[in-house]
Ligand code: FEO
Ligand code: CA
Ligand code: CA
């Protein structure tokens, strides 16, 4: 997603750690001076060794003293590949790539073909694959390695590429044009098969489905039906039209897909500047979609509760094309990035979730009832009942080289919330989760993106993508740099290795930085597992394969200049969580982000997404380009910034850049990711 420069919405006085413990100030000063030897620096440079100036403190217990270049997990992979700023995907030698499922290809009607001049109608777009592919998961048919249903999120749409050249920012937005954008959002359920030419969608299938920003979705769980969720069109407060800004995802043990509504505020106009919850959720005048001009439910002045019906985790059964998606209110309302699902020791379902905005929080949900693998019906509504928690990352040493974290309960059972008149019931806690978390004492993070859970150790990793607005007086242990241009990955182990625990021990896996620009002694060079060969900025997508390798995808600055010199286009890296070694595996085309990751059951294929190739904002080919001119120019010359995937895969129609899915396999056809 574009890094819209929204005004900061979290002005709570929720303390940062330096306010809690004076010693942290000392540590920060030491850190900012590049001093060595403090306990915090040990965390800041987790993969450290005495031979480098990035830190002389001992490595963390359980971690090696130096970054190994003999990782057995990474043995099937070569060294890091070079980065670049070209309009093509490059991948490590020994692997082959192919693009499929581009935005605008026909899905639910075989004749809804993509028109490269942007003239597809709203009705056609609703039958086509949506735009800006993001999180996804391949649900195999039972017992099959070469056939399944791909649930694929469509996060948003690039207005400069969605419409024909007659669309100018100044023009009146018609209902038809708004509906086309709405139809480009949501989720695609795609019946995929590996045929003689490799993986692709089958031409026609009863499973092909588009869920868009207009598809009826149920509100379920404790807040469903609450007056704050009722509108004139839906007095029940239980039926919403559509799901929006579907960022990343989750998968349940009972075989359903979770799609996460992230920057939903961007679709609403006429927010009330005097409404504290509009301010807390950034409900103002949107991101320029202007749907509120044509469709009353996006005009907050006319439909004040409609924004409360977005910002949820939505559960979808991909195998039932007639099923109604369910917005699970028990998981709270915020800008949901992804939903990483695991089980507690007693079988309760645990869902880790990040709120991706500067200074927002990390959450987890713990179901009241356990998962029952013998009774599928009993699991269908497990996500409607449970406890929601928010994370605090303290600077207290746990004694094992990691620092203490706590989960704070978000309900009226927490006295801090019960005493706040804004939360007369738990429904208000779920609808205004951010405000409840402010009260509970959560830690303001550097934009939480994806969360991934190690398949055997249960360790949890989160990408904190960047935070250009963090000030020097607001750094804390987990967010130690101001400003933070490059991001970091934090990891934690729950107490007793039980996902339902209320305490955890945390440290860093990597602190990204730029060792090309900054000397080794400078925290801006990053932790020691960042080198000139693998450096990157803005980690975002994150997933483990079955072998326990960590895959890191970036959504950052691709200018290749200044703080980001030498880092090139957005990329994907593969890492060994045990040794700390990170290698650059793939580099994307111009202006894209890399996101989404799923595997075939036989471990032979990895699928990732190339999102928004040709995004113009901040593009290196547009230095000094007047922003107000971009849409106009791009509509006249849509391939100015990218013609990917056509530029690399000519069999795919070009004429304007198109988000697409990338199929990655070994050239020799051998399994690479470990069979299920
Ligand atoms: Fe949709 Fe935070 O990425
Ligand atoms: Ca993301
Ligand atoms: Ca991002």
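None of the figures in this text is laboratory data; all of them are computed from the coordinates on show. All values reported here derive from a predicted model rather than from experimental measurement. Here the Cβ positions follow ideal geometry from the backbone for every residue, glycine too, while neighbour counts run over all protein chains shown.
Sticking with the crude label model, points 7 Å out along Cα→Cβ, report the distance from residue 174 to residue 473 in nm, one decimal please.
My value for the distance between the label points is 5.4 nm.
Compute the distribution of all C-alpha to C-alpha distances in the range 325-368, in bins of 10 Å from 0, and list the percent of pairs in each, rounded to whole numbers.
27, 52, 20, 1
Rounded to the nearest 0.05, what FRET efficiency is calculated for residue 193 and residue 457 with R0 set to 30 Å and r the Cβ-Cβ distance? List each step's numbers first, then the result.
On the way: r = 35 Å, r/R0 = 1.15.
For residue 193 and residue 457, the calculated efficiency is 0.30.
If one computes P(r) from the Cα atoms of the range 316-412, what percent of pairs lie at distances over 22 Å? Provide the component values of the computation, followed by the final result.
Details: 1835 of 4656 pairs.
For the range 316-412, the share of Cα pairs beyond 22 Å comes to 39 percent.
For the range 529-543 and the range 469-497, write down the distance between their C-alpha centroids in whole Å.
16 Å
What shape does the range 447-600 have by the C-alpha gyration tensor, where a ≥ b ≥ c are the square roots of the eigenvalues, rounded means a/c under 1.5, and otherwise prolate means a/b greater than b/c and oblate the rest? Could you put the intermediate results ahead of the total?
Numbers: a/c = 1.82, a/b = 1.24, b/c = 1.47.
Oblate is the answer for the range 447-600, as a/c is 1.5 or above yet b/c matches or exceeds a/b.
Using a Förster distance of 56 angstrom, determine the FRET efficiency expected from the C-beta separation of residue 602 and residue 400, and round it to 0.05. Display every interim value, and only then the final one.
Numbers: r = 39 Å, r/R0 = 0.69.
Efficiency, rounded to the nearest 0.05: 0.90.
Just rank 404, 219, 192, fewest to most, by other beta-carbon atoms within 10 angstrom.
Details: 404 19, 219 23, 192 27.
Lowest to highest Cβ neighbour count: 404, 219, 192.
I need 592, 217 ordered by Cβ neighbour count within 10 Å, fewest first. Walk me through the numbers on the way to the answer.
On the way: 592 27, 217 24.
Exposure proxy ranking, most exposed first: 217, 592.
Which of 659, 411, 538 has the fewest other C-beta atoms within 10 Å, and how do the rest follow up to the most? Display every interim value, and only then the final one.
On the way: 659 34, 411 18, 538 26.
In order of increasing Cβ crowding within 10 Å: 411, 538, 659.
By its C-alpha gyration tensor, with a ≥ b ≥ c as the square roots of the eigenvalues, how is the range 83-215 shaped: rounded for a/c under 1.5, else prolate for a/b larger than b/c, else oblate? Walk me through the numbers on the way to the answer.
Details: a/c = 2.25, a/b = 1.40, b/c = 1.61.
Oblate.
Stretch residue 123-residue 369 to full length: gain in nm at 0.36 nm per residue minus the Cα-Cα span?
On the way: separation 246, 0.36 × 246 = 88.56 nm, distance 4.20 nm.
Gain on extension, residue 123 to residue 369, equals 84.4 nm.
How long is the gain from residue 497 to residue 560 if the chain were fully straight, where each residue apart is worth 0.36 nm and the alpha carbon distance is subtracted?
Values: separation 63, 0.36 × 63 = 22.68 nm, distance 4.10 nm.
That pair, residue 497 and residue 560, stretches by 18.6 nm at full extension.
With N denoting the number of residues in the range 230-279, provide Rg(C-alpha) divided by 2.2 N^0.38 Å, to two decimal places. Write down the numbers at each step before the final one.
On the way: Rg = 14.6 Å, N = 50, 2.2 N^0.38 = 9.7 Å.
Relative to the rule-of-thumb radius for its length, the range 230-279 sits at 1.50.
R0 = 56 Å: FRET efficiency of residue 12 with residue 532, Cβ-based, nearest 0.05?
Values: r = 40 Å, r/R0 = 0.71.
About 0.90, to the nearest 0.05.
Please pull out the direction-averaged projected area of the range 627-676, using the convex hull of its alpha-carbon atoms, in nm² to one decimal place.
Numbers: hull surface 22.9 nm².
Mean projected area of the Cα convex hull: 5.7 nm².
For residue 425 paired with residue 285, estimate the spin-label separation in nm (one decimal), with each label point 7 Å from Cα along the Cα-to-Cβ line.
Distance between label points: 3.6 nm.
Suppose the chain between residue 275 and residue 636 were pulled fully straight at 0.36 nm per residue; how much longer would it get relative to their current alpha carbon spacing? Don't jump to the answer; show the numbers that get you there.
Numbers: separation 361, 0.36 × 361 = 129.96 nm, distance 4.05 nm.
That works out to 125.9 nm of additional length.
How far apart, in nm, are the 7 Å Cα→Cβ label points at residue 302 and residue 206?
With each label point 7 Å from Cα toward Cβ, the separation is 4.0 nm.
Before rounding to the nearest 500, sum -39500 (n - 2.57) across all DSSP H runs of length at least 4 in the chain and divide by the residue total; then give [θ] at 222 nm in deg cm²/dmol.
On the way: 12 runs with 76 residues, N = 676.
My calculation for the chain gives -2500 deg cm²/dmol from helical runs alone.
Within the range 103-128, name every residue whose backbone N is under 15 Å away from a label modeled 7 Å from Cα of residue 166 along the Cβ vector.
Answer for the range 103-128: 117-122.
Using a/c under 1.5 as the rounded threshold, could you call the range 258-396 rounded, prolate or oblate? The axes a ≥ b ≥ c are square roots of the C-alpha gyration tensor eigenvalues, and prolate needs a/b larger than b/c, oblate otherwise. Please report the intermediate quantities before stating the final value.
Working: a/c = 2.82, a/b = 1.51, b/c = 1.86.
Verdict is oblate for the range 258-396.
In whole Å and largest first, what semi-axes does the C-alpha gyration tensor of the range 305-348 yield when each eigenvalue is scaled by 5 and square-rooted?
21, 18, 9
Please report Rg (one decimal) and Dmax (integer) in Å for the Cα set of the chain.
23.4, 67
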